[in-house]
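> Can you keep this structure in mind? I'll have questions shortly.
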Amino acid sequence: MKSIAPSRRAVVAVCAVLLYALFSRFALKSLPEGAALKFAVTLPPVLIDLALCWLFGRTLRRGAEPLITSFARHAHGGDLPPDLPAYTRRVTLAWTLLFAAMAAAAAWLAAFGPLRAWTLFVYAVNPALVAALFLGEFAWRRMRFRHHPPQRLRDMLQYLRLPAARAQPLPLLRLHAPDDVVARRRGEAIPASALLADAAALAAALPPGRHVLNLCRDRYHFLVGFAAALSARRLCLLPPGSGDAAIRDICRDFGELCCVADHDEVPAGVAVIRPTGHPPAALGARPAFPPEQPAAVVFTSGSTGRPAPHVKSWGSLVRGALALGRHLGLAPSLAPQIVGTVPPQHMFGLEATVMLTLQWRGAVEAGRPLLPSDVKAAIEAATRTAPGEPCWLMTTPLQLRACVADAIDLRGALRGVISSTMPLEAPLAQAAEELWDCPVEEIYGSSETGMMALRRTASGPSWTLCEGLSFSAEDGAMRVRGGHLDAPFTLTDRVELEGGRGFRLLGRIGDMIKVAGKRSSLEDLNARLRAVPGIVDGVFYMPDGADRPLAFVVAPQTSKASILDALRRDLDPVFLPRPLYLVDALPRAANGKITREGLDALLRRVAAR
């Protein structure tokens, strides 16, 4: 839904007042004095109802998001459960019809009824009808969708408040000068001016549509596509994976899209535009965007079902990047060098390699090193071309484990390591710190919220909430609010508060399994499994309808018997995996996550052997 700029809204309002004044001065002059006065008095309420009818009704057109759907999406932190869009569209239609009916009734009473009846309707019946629909819909929704986290009336009323002042636009590049390096590719420095020029050219070349599907693998090309979508007021779609099925689902669910990609591995039928090589376009002022502008749609990994979309506002992304930078000790005088092994389409990659670069005068490695030798080469290139500047590695526990296993020498090259996407075991974090002589920190977050807390894993299990965030226990659930979040979010993990901003994670709410009357969490079982010497990767899995968990293990140099012997010393016998499958690799996505669908497919393959 396009928004009207403040200056345009002011012009429209002034023109409406002038037109009404001219209408009252000349059009009403031919009417009898009493009729003219009545018409002048009764017309404004009718126009107000018609304006509200238009405000709601215009969002029901094809390709637009209904107004109540937008409110609901914001209340759910950008995520709208699948059973709500159709309902919120009907509620938007109900408000449209109500305002149309009230306008028609007021106009009829003004034309044919006594002034007393019109006054009663406009000043008593109209507000009562609005209140009845508002409160009645709220009560019905609480009853009809009781399976969703309950929303309080005061949360709904926030949408009725008018903002005291519109927040100032936030710049795309907060600290970069035109000649400052924003990315490096194989030793080649790419300045901020090139990013702005490429983004402006791509924005001008984008075909019509509301969404931009950003499939770029090169991180600089991703930056160009992301900045171009923002400049063109498009919503950037960031898929949860590169598979054809995931991309087709997005193309089906989000109409009016174009695809920006720097490769040809795109499903047939999807139109592609390249991120660079377009005719130059006028740059204008340094781009800045309203904090409330929707900037991106990220998706959950699908580990517990179908990937769900989450809308991220530009303000939320900027506030999160500023908080992360302050935690890392960044300052305007620094030019942090950032090497990332996680895709920029993932929420962690977006925060730690894209937004951190844009907001803190960073220079990001354009490539995505995966092998330990590639990671070492990228970090050495960054420190060689920017001597004296701090360098961070943004990675996953899986890739961190591979680098530690290969004992790649990065001592003195890194200011720190940030890990996310899956739990990081303390022994691995400690081994990396000893190998590289730098802190290894871990982010706790989600696609819905971005980062929520950090910890130095080797120092203990406690987490510290990010600045501005706070917990509150509401309706039997733990909610986090404030800081960079656009709306409160109900945690899916059980937490134990430790005072201040500290807490411990006790496992996912839906992660508990019960075997022979005993309970354990899959996360704890997985940590114990991966701690067994010789295991490269492993995961416990509880198929639907099963009585006991099984496990898939990647351990090329270790036997099944020795793994089970090690687990017997650490686990209650009821949780020993039956069976335990040795496999060549787990079906992990690029971000390190594993979906139930992938594990089901793996189980079918190994069971058929």
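Throughout, read-outs are computed from the coordinates displayed, never taken from laboratory work. Just so it is clear, the structure is predicted and the values come from calculations on it, not from any experiment. Don't worry about glycine lacking a Cβ; one is built from the backbone with ideal geometry, like all the others, and counts go over all protein chains shown.
> Based on the alpha-carbon gyration tensor of the range 211-360, what equivalent-ellipsoid semi-axes (square roots of 5 times the eigenvalues) come out, in whole Å, largest first?
Its equivalent ellipsoid spans semi-axes of 25, 19, 15 Å.
> Further, regarding this structure: So how tilted is helix 33-57 from the main axis of the chain? Cα-based, degrees 0 to 90, rounded to 10.
20
> With a ≥ b ≥ c taken as the square roots of the eigenvalues of the C-alpha gyration tensor of the range 520-609, please select rounded if a/c is under 1.5 and otherwise prolate if a/b is larger than b/c or oblate if it is not?
Rounded is the answer for the range 520-609, as its axis ratio a/c remains below 1.5.
> I would also like to ask the following. Which order do peptides 317-328, 261-272, 577-588 fall in by mean Cβ count within 10 Å, highest first? Display every interim value, and only then the final one.
On the way: 317-328: 21.2, 261-272: 12.6, 577-588: 15.3.
The densest-packed peptide leads the list: 317-328, 577-588, 261-272.
> Based on the Cβ-Cβ distance from residue 189 to residue 516, what FRET efficiency comes out when R0 is 60 Å, to the nearest 0.05?
The calculated FRET efficiency here is 0.45.
> Post the alpha-carbon centroid distance, the range 551-609 to the range 349-411, in whole angstrom.
Comparing the Cα centres of the range 551-609 and the range 349-411, I get a distance of 30 Å.
> What is the antiparallel percent of DSSP beta bridges lying wholly in the chain, to the nearest 5? Don't jump to the answer; show the numbers that get you there.
Details: 43 of 73 bridges.
Taking every DSSP beta bridge within the chain, about 60 percent pair in antiparallel fashion.
> Here's another thing I want to ask about it. Suppose the chain between residue 470 and residue 58 were pulled fully straight at 0.36 nm per residue; how much longer would it get relative to their current alpha carbon spacing?
Here the segment from residue 470 to residue 58 would lengthen by 144.6 nm.
> Using the beta-carbon distance between residue 265 and residue 129 and R0 = 60 Å, what value does 1/(1 + (r/R0)^6) give for FRET efficiency, to the nearest 0.05? Provide the component values of the computation, followed by the final result.
Values: r = 55 Å, r/R0 = 0.92.
Taking R0 as 60 Å, the efficiency between residue 265 and residue 129 is 0.60.
> Using packing as a proxy for protection, rank 457-466, 567-576 so that the peptide with the highest average count of other Cβ atoms within 10 Å comes first.
457-466, 567-576
> Calculated from DSSP H runs of 4 or more alone, at -39500 (n - 2.57) each and per residue, what is the 222 nm mean residue ellipticity of the chain, nearest 500? Numbers along the way, then the final one.
On the way: 18 runs with 232 residues, N = 609.
Result for the chain: -12000 deg cm²/dmol, rounded to the nearest 500.
> Rounded if a/c is under 1.5, else prolate if a/b is larger than b/c, else oblate: which is the range 191-288, with a ≥ b ≥ c the root eigenvalues of its Cα gyration tensor?
Numbers: a/c = 2.10, a/b = 1.73, b/c = 1.21.
Prolate.
> Could you state the angle between the C-alpha long axis of helix 6-26 and the longest principal axis of the C-alpha atoms of the chain, as a value from 0 to 90 degrees rounded to the nearest 10?
10
> Relative to the longest principal Cα axis of the chain, at what angle does helix 372-385 sit, 0 to 90 degrees, rounded to 10?
70
> At R0 = 56 Å, how high is the FRET efficiency between residue 233 and residue 411 if r is their beta carbon distance? Nearest 0.05 is fine.
That pair, residue 233 with residue 411, gives E of 0.75.
> So what's the net charge close to residue 278: Lys and Arg +1, Asp and Glu -1, counting the other residues with Cβ under 14 Å from its Cβ?
-1
> Still on this structure: Over 26 Å between C-alpha atoms is what I'm after, so list which of 376/593; 312/593; 312/376 land there.
312/376
> I'd like the per residue volume of the convex hull spanned by the Cα atoms of the chain, given in cubic angstrom.
So the per-residue Cα hull volume is 188 Å³.
> Tell me whether the range 362-517 comes out rounded, prolate or oblate; compute the Cα gyration tensor, take square roots of the eigenvalues as a ≥ b ≥ c, and use a/c under 1.5 as the rounded threshold.
Numbers: a/c = 2.36, a/b = 1.74, b/c = 1.36.
Prolate.
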